[in-house]
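The values are calculated or read from the model by the stated rules, or taken from the named source; none is laboratory data. A quick note: this is a predicted structure, and the numbers were derived from the prediction, not measured. Cβ placement follows ideal geometry from the backbone for every residue including glycine, while neighbour counts extend to all protein chains displayed.
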Amino acid sequence: MMEDTIAAYSGGTLPGAIGICRISGPQAFALADDLFFPTKGGKMSQGPFYTMRYGQVRAGDGRALDLCLACCYPGPSSYTGEDLLEIFCHGSQAVVACILERAMELGARPAQAGEFTKRAFLAGKLDLTGVEAVADLIESQSAAAAKNAASLLQGGISRPIRQMREKIFQQLTHFYAVCDYPDEDLDPFVNEEARKVLEECTAELDKLYQGFQRGRVLKEGLPVTILGRPNVGKSSLLNSLAGYERAIVTDEAGTTRDVVTESVRCGDTVLRLSDTAGLRETSSQAEKMGIDKARESARESRLVLCVFDGSSPLTEEDRQVMETAQGLERAAILNKWDKGALDFPEMEQAFPKVFRLSAKTGEGVSELCQWLAGMTQGEGETLVTSARQAALLGKAAESCRMAAQSAAMGFTADAFLADGEEAVRLLDEVLGDAVSEDIVHGIFSRFCVGK
């Protein structure tokens, strides 16, 4: 248990309807008795616990600061694993400031960023995957991302990792027990059984690792580049999808020279849309740099929307756009449909999906949005979203793979199990059972004060 008691504001932006002041530590309930006075019943420290109680928050002179609600959560059955007090006051900046000042007068200190969750981690309430899941939940931009983070928080990833770790560890302990106690009546260590366990763990770890790219899209948004020659309506399409004028639109070719990125929601899918410079031959050095960035953005995106003027014949510059997108996940947008519609049979052959719309009037944009909304729909599985976890899982899978291959080649158990031990160490690092202080500090630096 930590020796000091911490306090911080844990609610939303002030002023607001409700403010939440959180106090955690060994003196939390003593502070509760000196800070909050219930209208009915005894002191806060005497219970009932896990129950909202109505009363007064009082200043040092005994005068009421607010009439509000408070709740005590005794440790270890609290978020932090310590005695915890939460005061649900009116969302006034002055009231919140006075409550926290009074808490400091009574012996609490200001909490650091993420310190409440760090205490939960140190108390064993959360492993490191759970800590990262809390951060994901706070930062989630869609319902799908929130559901995935909630699943992570409930052990959707840590549970199978612990099961795999235990399977490998059992093979290690069995082998060393047989070696250290040869006279005991122990079952013999069978290399073939160990190989099967290692191969099963390799497959499971590979599956978790491979899900990271989808998890990253779920968390950060699907990177989409809008590509096309000048004046086909790329910026107008971005503005139409964003719902406001995010990019400047003019009739002058080369208006967009840098990559303009905006997060846009289509249904429950978050897109990171990048509007780019029009592809064409130019003598302008600045525009050439913008065109190079456009091509780079297309290569790095998961999807490229190639925009064409659907009211005029294709040009050589349009064909350069088609060539740039060749081999990438792509769709064709035949824009300016309100000005007249031409037939483009080669588009159906060159692109898996073709949309006809008018970014100016909005006609056909909803159909594009519906299609984009389905780009990240998964099968309900829990996905790894942390690059730290993914890197370690990839290394653990490789260690298991090497161990299984060595066992299949006839290596002795002490030789191939060395890679098994490395896999266990890496999985411990994923969970936070064996991790450096610098890594822990980096993870908690994502949090705000009060969480």
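Residue count for segment 410-448, restricted to those that are touching a strand residue (DSSP E or B) at 6+ places or on another chain (Cβ under 9 Å) and in the same structural domain as D180 (by TED's automatic domain parsing): 0.
Can you find a residue that is in a helix (DSSP H, G or I), of a type in the set (F, W, Y), outside the structural domain of S263 (by TED's automatic domain parsing) and surrounded by 15 or more Cβ atoms within 10 Å (Cβ to Cβ) anywhere in segment 166-182? Scanning segment 166-182, I find at least one residue that is in a helix (DSSP H, G or I), of a type in the set (F, W, Y), outside the structural domain of S263 (by TED's automatic domain parsing) and surrounded by 15 or more Cβ atoms within 10 Å (Cβ to Cβ), so the answer is yes.
Restricting attention to segment 326-341, the residues being over 17 Å from W371 (Cβ atoms) and buried (at least 21 other Cβ atoms within 10 Å of the Cβ) number 1.
Of the residues making up segment 63-70, at least one is in a loop (DSSP other than H, G, I, E, B), more than 26 Å from V440 (Cα to Cα) and out of contact with any Pro (no Cβ under 9 Å at 6 or more places or on another chain). For segment 37-45, check the following and say yes or no: at least one residue is among the aliphatic types (A, V, I, L, M) and surrounded by fewer than 21 Cβ atoms within 10 Å (Cβ to Cβ). No, there is no match, as no residue in segment 37-45 is among the aliphatic types (A, V, I, L, M) and surrounded by fewer than 21 Cβ atoms within 10 Å (Cβ to Cβ). Screening the candidates M409, M347, M402 for the property of being among the aliphatic types (A, V, I, L, M) and over 30 Å from A423 (Cβ atoms) yields one hit, M347.
Residue-by-condition table, conditions (1) touching a strand residue (DSSP E or B) at 6+ places or on another chain (Cβ under 8 Å); (2) surrounded by 18 or more Cβ atoms within 10 Å (Cβ to Cβ); (3) in contact (Cβ under 8 Å) with a residue 40 or more places away in the chain; (4) in the same structural domain as I138 (by TED's automatic domain parsing):
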| position | (1), (2), (3), (4) |
| --- | --- |
| A17 | yes, no, yes, no |
| P26 | no, no, yes, no |
| Y50 | yes, no, no, no |
| A59 | yes, no, yes, no |
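Within segment 104-161, take every residue that is crowded, with 22+ Cβ neighbours inside 10 Å and assigned to a loop (DSSP other than H, G, I, E, B) and give me the one that is nearest to the chain's Cα centre (by Cα). Of everything passing the filter in segment 104-161, I157 is nearest to the chain's Cα centre (by Cα).
Please tell me if E398 is at pLDDT 95 or above and charged (D, E, K, R). When the stated conditions are applied, E398 passes them.
Residues are listed down the side, and each one gets a yes or a no for (1) buried (at least 17 other Cβ atoms within 10 Å of the Cβ); (2) at pLDDT below 80:
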residue: T412; (1), (2): no, no
residue: F416; (1), (2): yes, no
residue: G420; (1), (2): yes, no
residue: A423; (1), (2): yes, no
residue: D428; (1), (2): yes, no
residue: A434; (1), (2): no, yes
residue: D438; (1), (2): no, yes
residue: G442; (1), (2): no, yes
residue: V449; (1), (2): no, yes
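Any residue that is of a type in the set (A, V, I, L, M), within 30 Å of E421 (Cβ to Cβ) and touching a helix residue (DSSP H, G or I) at 6+ places or on another chain (Cβ under 8 Å) - is there at least one of those in segment 130-138? Scanning segment 130-138 turns up at least one residue that is of a type in the set (A, V, I, L, M), within 30 Å of E421 (Cβ to Cβ) and touching a helix residue (DSSP H, G or I) at 6+ places or on another chain (Cβ under 8 Å). Could you list, in sequence order, all residues of segment 311-330 that are in contact with a helix residue (DSSP H, G or I) (Cβ under 9 Å, 6 or more places away or on another chain) and over 15 Å from G233 (Cα atoms)? If the condition is that a residue be in contact with a helix residue (DSSP H, G or I) (Cβ under 9 Å, 6 or more places away or on another chain) and over 15 Å from G233 (Cα atoms), then M322, T324, A325, Q326, L328, R330 are the ones that fit.
Based on this model, can you work out whether Y9 counts as under 19 Å from V449 (Cβ atoms) and either among the polar types (S, T, N, Q) or modelled with pLDDT of 95 or more (or both)? Against the criterion (under 19 Å from V449 (Cβ atoms) and either among the polar types (S, T, N, Q) or modelled with pLDDT of 95 or more (or both)), Y9 qualifies. At least 2 residues being farther than 30 Å from E199 by Cα and touching a residue at least 24 places away in the same chain (Cβ under 8 Å) is the threshold, and among the helices (runs of 4 or more DSSP H) wholly inside segment 348-451 those reaching it are 365-373, 437-444. For Y54, indicate whether it is without any contact (Cβ under 8 Å) to a residue 60 or more places away in the chain and closer than 21 Å to K118 by Cβ. It is false that Y54 is without any contact (Cβ under 8 Å) to a residue 60 or more places away in the chain and closer than 21 Å to K118 by Cβ. Note on segment 17-56: residues that are part of a strand (DSSP E or B), closer than 11 Å to C72 by Cα and of a type in the set (S, T, Y) amount to 1. Yes or no: segment 54-65 includes at least one residue that is aromatic (F, W, Y), at negative phi and over 30 Å from the mean Cα position of the chain (by Cα). There is at least one residue in segment 54-65 that is aromatic (F, W, Y), at negative phi and over 30 Å from the mean Cα position of the chain (by Cα).
Only one of the numbered conditions (1) under 30 Å from F121 (Cα atoms); (2) in contact with a Phe, Trp or Tyr (Cβ under 8 Å, 6 or more places away or on another chain); (3) of a type outside the set (K, R); (4) surrounded by fewer than 17 Cβ atoms within 10 Å (Cβ to Cβ) is violated by L67, and that is (1).
Residues that are among the hydroxyl-bearing types (S, T, Y), modelled with pLDDT of 90 or more and more than 25 Å from S436 (Cα to Cα) within segment 122-151 comprise just one, S151.
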